[in-house]
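The values are calculated or read from the model by the stated rules, or taken from the named source; none is laboratory data. Owing to the predicted nature of the structure, the values given are computational and were not obtained by experimental measurement. Glycine also receives a Cβ, built like all others from the backbone with ideal geometry; neighbour counts cover every protein chain displayed. Only protein heavy atoms, including side chains, enter the accessible area calculation; ligands, DNA and RNA are left aside. Shrake-Rupley method; radii C 1.70, N 1.55, O 1.52, S 1.80 Å.
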Amino acid sequence: VQLQASGGGPVQTGGSLRLSCAASGGTISSNAMGWFRQAPGKEREFVAAINWSGQTFYGDSVKGRFTISGFNANNTVYMQMSSLKLEDTAVYYCAAQSYGATWYDYWGQGTLVTVSS
């Protein structure tokens, strides 16, 4: 099973993008799905997550600007990004945490978001 992230691209500051993530080759029995990002020269950081009950969690830097949604039986999850800033430029990865796992154990290949002024 693989996760496929899509929806990245170039955008100007203040603009919006919607990222999507879907599983292919099967489904993952998962507790949660999330988004992480890695900017050039920086470590990967948590962005947002949604669990099986619909609870959502956000990193401090994106609260109020990003919204995660979806997470259905097909392991599809979305993230609406608004009011984008230069510092949001990064490769965004979707991930899934399977039942019994203590952390995310399925990762997508990433989609690049480039914010410019």
Counting only protein heavy atoms and a 1.4 Å probe, tell me what percentage of the chain's accessible area is made up of carbon and sulfur. 48 percent
Charges at C-beta only: +1 for Lys and Arg, -1 for Asp and Glu. How large is the resulting dipole of the chain about its Cα centre, in Debye rounded to 20? 180 debye
Relative contact order (percent, whole number), the chain, Cα cutoff 8 Å, 6+ residue spacing: 37 percent
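Using the heavy atoms of the protein chains and a 1.4 angstrom probe, tell me the accessible area per residue for segment 46-102 in square angstrom.
For segment 46-102, the solvent-accessible area averages 48 Å² per residue.
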Using each residue's phi in segment 49-55, evaluate 6.51 cos²θ - 1.76 cosθ + 1.60 at θ = phi - 60° and report the 3J(HN,Hα) Karplus result to the nearest Hz, with x for Gly and Pro. 8, 9, 9, 5, 8, x, 5
